[in-house]
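J.: Got a structure for you, written out below as structure tokens; questions coming shortly.
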Amino acid sequence: MDELLLPPVDDVSRSFWDGTLAGELRVQVCGTCGRLRFPPRPMCPSCQSLDVDWKVMSGRGRIYSFVVPHPPLLPAYAAVAGYNAVLVELDEDPTIRMVGNLVAEPDAAINSVDPATVAIGEPVRVVFARVAEEIALPRWVRA
């Protein structure tokens, strides 16, 4: 797929993206209160601390919700419609949710799983697909 819309890699999110390139799913943890948080941000929403650490997650979770985008789509995604976009809650903390695609295997296309077979509550595990020099996107496979 050409011209993917890729997230920015900045000082706040760099540890997350470095983790994905290393095959790790990292989540920020507040160095003061210990609360996990995602997406990455400079301040803890719970205690307003700027003390940040990173924790490697197991990469396991469950599908919390999903959608199947329909046309009109951005040009880079039109050729692979219908694909799924899943929202996964992590086993370590169900309030930590990540968006991605459920795929048949790590390097499969985002339309490799029939959207009609996706089920809320289905257990999944993370895999990573390198899509740019600095970015490996988390994707999900059935656990």
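J.: Would it be correct to say that Phe66 is under 15 Å from the mean Cα position of the chain (by Cα), of a type outside the set (Val, Ile, Thr) and under 19 Å from Arg14 (Cβ atoms)?
T.: no
J.: Among the residues that make up segment 14-35, is at least one of them basic (Lys, Arg), under 27 Å from Glu122 (Cα atoms), in contact with a Lys or Arg (Cβ under 9 Å, 6 or more places away or on another chain) and not in a loop (DSSP other than H, G, I, E, B)? If you could, list the steps in order and put the result at the bottom.
T.: Pass one, segment 14-35, residues basic (Lys, Arg): 14, 26, 35.
Keeping just the survivors that are under 27 Å from Glu122 (Cα atoms) gives 26, 35.
Then keep just the ones that are in contact with a Lys or Arg (Cβ under 9 Å, 6 or more places away or on another chain); that gives 26.
Add one more test, that the residue is not in a loop (DSSP other than H, G, I, E, B), and what stays is 26.
Taking every residue of segment 14-35 in turn, at least one turns out to be basic (Lys, Arg), under 27 Å from Glu122 (Cα atoms), in contact with a Lys or Arg (Cβ under 9 Å, 6 or more places away or on another chain) and not in a loop (DSSP other than H, G, I, E, B).
J.: Continuing with the same structure: Look at Glu89 and say whether it is part of a loop (DSSP other than H, G, I, E, B) and acidic (Asp, Glu).
T.: On the way: part of a loop (DSSP other than H, G, I, E, B): no; acidic (Asp, Glu): yes.
No; evaluated as a whole, the condition is false for this residue.
J.: Within segment 36-65, track down each residue that is assigned to a strand (DSSP E or B), out of contact with any Lys or Arg (no Cβ under 7 Å at 6 or more places or on another chain), among the hydrophobic types (A, V, I, L, M, F, W, C) and without any contact (Cβ under 8 Å) to a residue 60 or more places away in the chain.
T.: Val52, the sole residue that qualifies.
J.: Please find, within segment 67-91, the residue that is nearest to Pro40 (Cα to Cα) out of those that are in contact (Cβ under 8 Å) with a residue 60 or more places away in the chain and buried (at least 17 other Cβ atoms within 10 Å of the Cβ). Can you show your working first?
T.: Step one: of segment 67-91, the residues in contact (Cβ under 8 Å) with a residue 60 or more places away in the chain are 74-77, 79-80, 90.
Now restrict to residues that are buried (at least 17 other Cβ atoms within 10 Å of the Cβ): 77, 90.
On the way: Tyr77: 26, Leu90: 15 Å.
Among those that are in contact (Cβ under 8 Å) with a residue 60 or more places away in the chain and buried (at least 17 other Cβ atoms within 10 Å of the Cβ), it is Leu90.
J.: If a residue must be within 18 Å of Leu5 (Cβ to Cβ), without any contact (Cβ under 8 Å) to a residue 40 or more places away in the chain and assigned to a strand (DSSP E or B), how many such residues does segment 101-143 contain?
T.: 2
Just so you know, all these numbers are worked out from the coordinates, no wet-lab data involved. Not measured: the values here are computed from a predicted model. Positions of Cβ are backbone-derived with ideal geometry, glycine not excepted, and every protein chain shown enters the neighbour counts.
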